[in-house]
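**Student:** Have a look at the structure that comes next, please.
The values are calculated or read from the model by the stated rules, or taken from the named source; none is laboratory data. These numbers were taken from a predicted model, which means no experiment stands behind them. A quick note on method: Cβ atoms are made from the backbone with ideal geometry, for glycine too, and the neighbour counts reach across all protein chains shown. When the accessible area is computed, the model is the full protein with side chains, heavy atoms only, and any ligands, DNA or RNA have been set aside. Shrake-Rupley method; radii C 1.70, N 1.55, O 1.52, S 1.80 Å.
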Amino acid sequence: MLHINCPFCGLRAQKEFAYGGDATVKRPEINKEVSKEEWDNFVYMRKSPRGKHIELWHHISGCRQWFKVQRDTATHEIFKTAKMSEEIV
Amino acid sequence: MRQSHRLNNIGLINRDKVITFNFNGKSYQGYEGDTLASALLANGVHLVGRSFKYHRPRGFIGAGVDEPNAKLQVTINGHSEPNINATEIELVEGLSATSQNCWPSVEFDIGAINNFLKRFFPAGFYYKTFMWPKSFWYKVYEPFIRKAAGLGVASLEKDKERYEHKFEYCDLLVTGSGPSGLASAYAAAKNGAKVILAEDKPRYGGTLLTDDVSIDNMSGKDWSEKIISELKKMPNVTLKNRSQVFGYYDHNMMVMFERVGDHLSNKSKYTPRQRLWYIRAKETILSTGSIERPIVFGNNDTPGVVLSSAAKEYMKVYGVLVGRKPIIFTNNDSAYETAFEFKKNNVEPIILDTREEHDSEVVQEAKNKGIQIKFSYGVIVANGYKKVKSAKIGKLTKDKKSFESTETIKCDCICVSGFWTPTVHLASQSGNKLKFDEKIDAFIPDKSKQKEKTIGAANGSFTLQETIESGFKTGSELSSKITDKNNENKIPTVTETKYSVHDKFWCMPLPKNENPKRFVDFQNDVAVSDIEIALREGYRSIEHVKRYTTLGMATDQGRTSNLNGLQMVSNIENKIVPEVGHTTFRPPFTPITIGTIVGREVGMEFMPTRKTPMHEWHEKNNAVFVDAGAWKRPRYYKKGNETLLEASKREAKNVRENVGICDVTTLGKIDIKGPDAAEFLNRVYTNAWLKLPVGKARYGVMLREDGMIMDDGTTTRISENHYHMTTTTAQAANVLSHLEYYLQIVWPELNVNVVSTTEQWAGAAIAGPKSRDMLSKLFPDLDVSNEALPFMGYIESNLFGVPARIFRISFSGELAYEVNVESNYGLFMWEKMMEIGREFNNQPYGTEALSTLRIEMGHVAGPELDGRTIPQDVSLDGLVSKKKDFIGKNSLGKDAFVLENRQKIVGLVPTDRKSSIPEGSHLVENEKAKLPNPKLGHVSSSCWSVENNNPFSLAIVNDGKNMIGKKLFAVSPLKNTSIEVEIISSHYVDPEGKRVRS
């Protein structure tokens, strides 16, 4: 079970969180024309990297905030967590 | 009864407490502090089971977790459990055990015929034999294999025992209380660290209990007792015996299995049998020690062949002799200690040492004691079927590939030692890549991957001096990183025998013209010849050899067999062991019970139960409940001998004719506030929301980004910037997460807050032609006319002094309202409604009637909104705005979504107007067509239409409404039915929606 550092609540067990997928995916802006390809990329296409991955987690049994986690998909090592307003570089 | 092999004046058992137990129908006695194994051995019983494949007689090999053979069916307190390790289970009064995998008895086992047919059962036998003919698989082969597979029999009765889970955090977890574990736990505790020390056995001390050493002029046992008593006094230390850390997971999470009540004969009602600990440790010390491995020789599985360390443990801990005429067969010094122990107890051992004429401290001591030693000697074959009677021994040639001479000597046990294998399972599970240590011919942990450090014998240090030193040092270092304290430790002085180098010898050659089985893996019956076959047939990777031969795949995880197997492969392949590599160690290290994994989450505690405030009333009024997620909802209110169908028909009919009330508290409710709330809803829902006036509700559908419907419900504008959203019961949590996702991630610029208020409001629907009359009596001061409170209107009022929200919304398709009050007043509201409704023939209705009402109206719900439908599929085209953007809109233009003949919603009636159509039935054109019969759609929801008094279903079918008028067959292979159906509109009742507006 992972140990995740919620930027709002601190270190908590994985049980309290829900996984939310790739955090680098950006939704096309609302009310703007979007090409079919761009839209399909947004909806369906995800990278599945082995190694560092910036992803979303939702503290559903806690503060209910979505935030970013940089995790190694092979080793589960977590390098950093950050609020949505912060960047992970 | 006499315990024939019990020694006097030695052992840590309690001779004052005699325990009577039963084995294979015979009564025996042992003492408190015995394991089942030591008690049986005390009675001279070696034969305890039959082997897995060949049904060969088997006895004890080890004295702890290493035991591969003695897996018994054990019954305590009427609860029977298979595959219990006799060397681990403690003796309790009334314990009863039987041998497994034998019939009719362990003494005479029919299956042993396999032993004589063994040349027909080589490695891969099953893969090769059960291939053809194909038709034999289900009826002949599979049942046969099933019967042959497995060992004991799982109880079919409910497990009445109590199991618990516990979550714990600590600075340092120490796994194993041998010398290194004790030293490190002590040093860390002195530094003020929060320490958990876990010991698998009932007694702390590990090898200190059996090794002849002295620490600070104390015996190993006394020193360990002193340390333990000091640790017990420290509030920052948790000591846990009978506790096996069996899994090392991510982020330094360890899982531990504690046997809390198994050894207690009268435990209190609330004492759990076993407890599972989830321990998150900042640092972990793996002081798991090592396990002796056997030397492989002919018929080395004969009962009476034991590990030399086990023989010593049986003597020193349990006061039990495994035999009176022992052969000590060794390639190293450590087994000499077993010989000394025998000698001390007036038993004359003979030592066969595979090393050439050898000198060391222990050899000298043995000579001084007058113990006979034969160098360059080894056991070739153990003779005896159910018990060792003699051994054919041989003098090895210089190259150790054949014999100079052989002879047969009498013996009743063979204590074998092929040197020591560090227990690296936990280290490997942590992600540590192991490395091969040539000095000890075994794998030890390499660089730490997580916060783990392996010390002592587990790390390949086999001297006490080194072990104690590294224990103190590591415990101190790791803890001072956490506590910032650095207590000076006085490292105790250690006296121990210095061992000389061992012989890298692991398998006896076969004598000429003899071919006895030489077992590598006892539990899975894998012999040297099986590994040879696997290699001959081309298997090279150790992982493949393992799977083909099943080497190391039994529940003992190859603790005694892994390295010998690897040596075998490397010898045949002419590779060094590290090149062959090792197989993967996976949790659990030892088998654990399903009960412990499940813990308290059984029956009612399987998941939380959510009850509405009106639950008690429903119970009192014969409600039959149905699970809706965690909620309990009344399915119907049973009157007399009514069936479900009869009751739901009565309840639904009463709604259509009079009025009914339904507990709708379980619907998800989300409070939405903020200046941008309207804009937000406009993006979330497919229809337009900007112009919804205050005091009005609107039905909305929300999509996922892929265009599929996520949920539907009504949202009401309570005030300018305040909305009340309802969701389906099932999707409430998902919808909230969905809204939070968009507000926090996608559009953080929107000033909106959302919060769940599901638990805060109790809700009741009042539905039926008489609902307005009833409402006016509930709210006598309120104008509830069609003009004042029109369809989709909203008013706040009070129900006999209780603030209430009134929504004119309808799921049943009738004139209907939903009233919400604060949860605490839910029951009050409900009882008032029942009281006031009496004059209108009001009846409560459950979810079954609710479904009936919505289905015949053609209202969609979960079965239609199954994640595969877009609004156009379920006749909700009108709700999809063409003018504005919303979540998922861009997906609706996808080619597949605009196909003319796409599957869409329709209604179905059976042509005989009688046969109920099972939900999930497939729609086909020709019921008799050859398979695969093209499927044109499926039945999503079925009911008995109370309006038309015949069955009616909703279905999703190719070409949707264009199919109206056609006849198809609804085929259900599950229910074995085929019903001719006619396709009609999905709106079976009041298609114009007049009633809701009346």
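**Student:** Kindly provide the GluC sites (Glu not before Pro) of segment B:895-960 that DSSP labels as loop, not H, G, I, E or B, and whose Cβ sees at most 14 other Cβ atoms within 10 Å.
**Tutor:** Hits after loop and neighbour filter: B:GLU900, B:GLU925, B:GLU927.
**Student:** Something else now. What nm value, rounded to one decimal, do you get for the distance between B:LYS386 and B:ASN83 when each label is placed 7 Å out toward the C-beta?
**Tutor:** 2.7
**Student:** Then there's this: Which of the lysines could a cross-linker span from B:LYS914 if the Cα-Cα distance has to be under 20 Å and same-chain partners fewer than 8 positions apart are dropped?
**Tutor:** B:LYS649, B:LYS653, B:LYS966, B:LYS967, B:LYS975
**Student:** A further question on this structure: Give me, ordered by chain and number, the residues 5 or more places off B:THR408 or on other chains with an amide H under 5 Å from its own placed amide H.
**Tutor:** B:ILE393
**Student:** While we're looking at this one, here's another question. Whole-Hz Karplus ³J(HN,Hα) for segment B:277-293, in order, using 6.51 cos²θ - 1.76 cosθ + 1.60 and θ = phi - 60°, x for Gly and Pro?
**Tutor:** 9, 9, 10, 9, 10, 5, 9, 10, 10, 9, 10, 8, x, 9, 10, 5, 10
**Student:** Sticking with this one: Excluding B:GLN760 itself, calculate the net charge of residues whose Cβ lies under 9 Å from the Cβ of B:GLN760, where each Lys or Arg counts +1 and each Asp or Glu counts -1.
**Tutor:** -2
**Student:** Mind running the shape call on chain B? Use the C-alpha gyration tensor, a ≥ b ≥ c as the square roots of the eigenvalues: rounded below 1.5 for a/c, prolate if a/b tops b/c, oblate otherwise.
**Tutor:** Numbers: a/c = 2.65, a/b = 2.14, b/c = 1.24.
Cα axes put chain B in the prolate bin.
**Student:** While we're on this one: For B:PHE23, what residues show an amide H to amide H distance below 5 Å, using hydrogens built from the backbone and excluding near sequence neighbours?
**Tutor:** B:TYR28, B:ALA97
**Student:** Quick check: residue separation of B:ASN976 and B:ALA154 times 0.36 nm, minus the Cα distance between them. What number comes out in nm?
**Tutor:** Between B:ASN976 and B:ALA154, full extension yields 292.6 nm more.
**Student:** Modelling each spin label as a point 7 Å along the Cα-to-Cβ direction, I'd like the B:LYS673/B:VAL598 distance in nm, to one decimal.
**Tutor:** 4.5
**Student:** List the accessible area buried at the contact between B and A, summed over both sides and calculated with a 1.4 Å probe, in Å² to the nearest 100.
**Tutor:** Result for this pair: about 2400 Å² buried.
**Student:** Give me the dipole magnitude in Debye, nearest 20, for chain B about the Cα centre, with unit charges on the beta carbon: positive for Lys and Arg, negative for Asp and Glu.
**Tutor:** 1840
**Student:** Taking R0 as 35 Å, what's the FRET efficiency between B:GLU361 and B:LYS435 from their Cβ-Cβ distance, rounded to 0.05?
**Tutor:** That pair, B:GLU361 with B:LYS435, gives E of 0.75.
**Student:** With r defined as the distance between the Cβ atoms of B:ASP866 and B:GLU900 and R0 fixed at 22 Å, what FRET efficiency is calculated, to the nearest 0.05?
**Tutor:** Plugging the Cβ-Cβ distance into 1/(1 + (r/R0)^6) gives 0.50.
**Student:** Say each of B:GLU532 and B:GLU839 gets a label point 7 Å from the Cα, pointing the same way as Cα to Cβ; how far apart are those two points in nm?
**Tutor:** 10.0
**Student:** Looking at segment B:244-323, which chymotrypsin sites (Phe, Trp or Tyr not before Pro) are DSSP coil and have at most 12 other C-beta atoms within 10 Å of their C-beta?
**Tutor:** On the way: sites: B:PHE246, B:TYR248, B:TYR249, B:PHE257, B:TYR270, B:TRP277, B:TYR278, B:PHE297, B:TYR314, B:TYR318; in loops: B:TYR270, B:PHE297, B:TYR318.
Counting only loop positions with at most 12 other Cβ atoms within 10 Å, the chymotrypsin sites (Phe, Trp or Tyr not before Pro) in segment B:244-323 are B:TYR270.
**Student:** Here is a further query. For peptide A:60-69, compute the average count of partner chain beta-carbon atoms within 10 Å of each residue's beta-carbon.
**Tutor:** Counting other chains' Cβ atoms within 10 Å and averaging over A:60-69 gives 2.
**Student:** Sticking with this structure for a sec: Is the C-alpha gyration tensor of segment B:513-587 telling us rounded, prolate or oblate? Criteria: a/c under 1.5 is rounded; beyond that, a/b larger than b/c is prolate, otherwise oblate. Walk me through the intermediate numbers first.
**Tutor:** Numbers: a/c = 1.62, a/b = 1.10, b/c = 1.48.
Because a/c hits 1.5 or more and a/b fails to exceed b/c, segment B:513-587 counts as oblate.
**Student:** Sticking with this structure for a sec: Against the longest alpha carbon principal axis of chain B, how many degrees, from 0 to 90 and to the nearest 10, is the axis of helix B:179-190 turned?
**Tutor:** With rounding to tens, the tilt is 60 degrees.
**Student:** Can you list the cysteines of the protein assembly as shown that have no other Cys Cβ under 4.7 Å away?
**Tutor:** A:CYS63, B:CYS102, B:CYS170, B:CYS411, B:CYS413, B:CYS415, B:CYS507, B:CYS662, B:CYS943
**Student:** By a straight-distance test (C-alpha under 20 Å), which lysines pair with B:LYS386 as possible cross-link partners, with residues fewer than eight away in the same chain excluded?
**Tutor:** Within the straight-line limit of under 20 Å, B:LYS386 reaches these lysines: B:LYS26, B:LYS53, B:LYS71, B:LYS118, B:LYS325, B:LYS410, B:LYS517.
**Student:** Further question: Restrict the search to segment B:1-93; then list the trypsin sites (Lys or Arg not before Pro) that DSSP places in a loop and that have at most 10 other Cβ atoms within 10 Å of their Cβ.
**Tutor:** Loop-located and lightly packed - B:ARG2.
**Student:** Shifting gears a bit: Work out the P(r) tail for segment B:433-584: percent of alpha carbon pairs separated by more than 22 Å, whole number.
**Tutor:** 55
**Student:** Now, a different point. Classify the protein assembly as shown: rounded, prolate or oblate, from the alpha-carbon gyration tensor (a ≥ b ≥ c, eigenvalue square roots; a/c under 1.5 rounded; otherwise prolate if a/b is larger than b/c)? Walk me through the numbers on the way to the answer.
**Tutor:** On the way: a/c = 2.38, a/b = 2.08, b/c = 1.14.
Note, shape of the protein assembly as shown comes out prolate.
**Student:** Less than 11 Å Cβ to Cβ from B:SER810, Lys/Arg counted +1 and Asp/Glu -1: what total charge do the surrounding residues give?
**Tutor:** Taking every Cβ under 11 Å from that of B:SER810, the sum is +1.
**Student:** What is the local net charge at A:HIS3, summed over the other residues whose Cβ is closer than 10 Å to its Cβ (Lys, Arg +1; Asp, Glu -1)?
**Tutor:** Neighbourhood net charge equals +1.
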